[in-house]
1. Hey, could you check the stretch 64-97 for residues that are closer than 21 Å to GLY19 by Cα and modelled with pLDDT of 95 or more and say which is surrounded by the fewest Cβ atoms within 10 Å (Cβ to Cβ)?
2. I'd like to verify a number: residues in the stretch 1-16 that are touching a residue at least 60 places away in the same chain (Cβ under 8 Å) and either assigned to a loop (DSSP other than H, G, I, E, B) or touching a Leu at 6+ places or on another chain (Cβ under 6 Å) (or both), how many?
3. Does any residue of the stretch 88-95 turn out to be in contact with a helix residue (DSSP H, G or I) (Cβ under 8 Å, 6 or more places away or on another chain), closer than 23 Å to ARG5 by Cβ and of a type in the set (A, V, I, L, M)?
Amino acid sequence: MLLNRANKVLGICEVSSGGIANTAADPKIIFGVALKGMASGIIVSHNHPSGNLKPSQADIDLTRKLKESGKFLELQLLDHVIISSEGFYSFADEGLI
């Protein structure tokens with residue numbers, strides 16, 4: 001999700017679509033889309049079809065990369081949300097962003 005300075009949604013873009021077990025979310029693609037969309041902030045989201053809401057190490061690593069890289073680009077990662085049939089997990093709500 002691409003957001004302006006007032007956190008209004010500018011657009012939503014799918015940057016990765018995976019198979020049954022996983023997908024690759026490339027920070028370069030995510031930030032490329034955000035920069036082209038003139039975004040000031042982003043919220044990333046993905047699903048866990050298993051229903052398990054616990055972030056994987058890959059989820060944690062991606063969040064850390066996006067947060068740190070966004071500082072250099074002045075493009076803030078506002079949240080990373082994991083969605084499943086059981087509910088959702090917000091990195092921001094858990095104090096991890």
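The values are calculated or read from the model by the stated rules, or taken from the named source; none is laboratory data. Because the structure is predicted, anything quoted here is derived from the model rather than measured. Methodologically, a virtual Cβ is constructed for each residue, glycine included, from the backbone with ideal geometry; neighbour enumeration extends over all protein chains shown.
1. Per the criteria, the residue is PHE88.
2. The qualifying residues number 1.
3. Looking for residues that are in contact with a helix residue (DSSP H, G or I) (Cβ under 8 Å, 6 or more places away or on another chain), closer than 23 Å to ARG5 by Cβ and of a type in the set (A, V, I, L, M), one finds none in the stretch 88-95, hence no.
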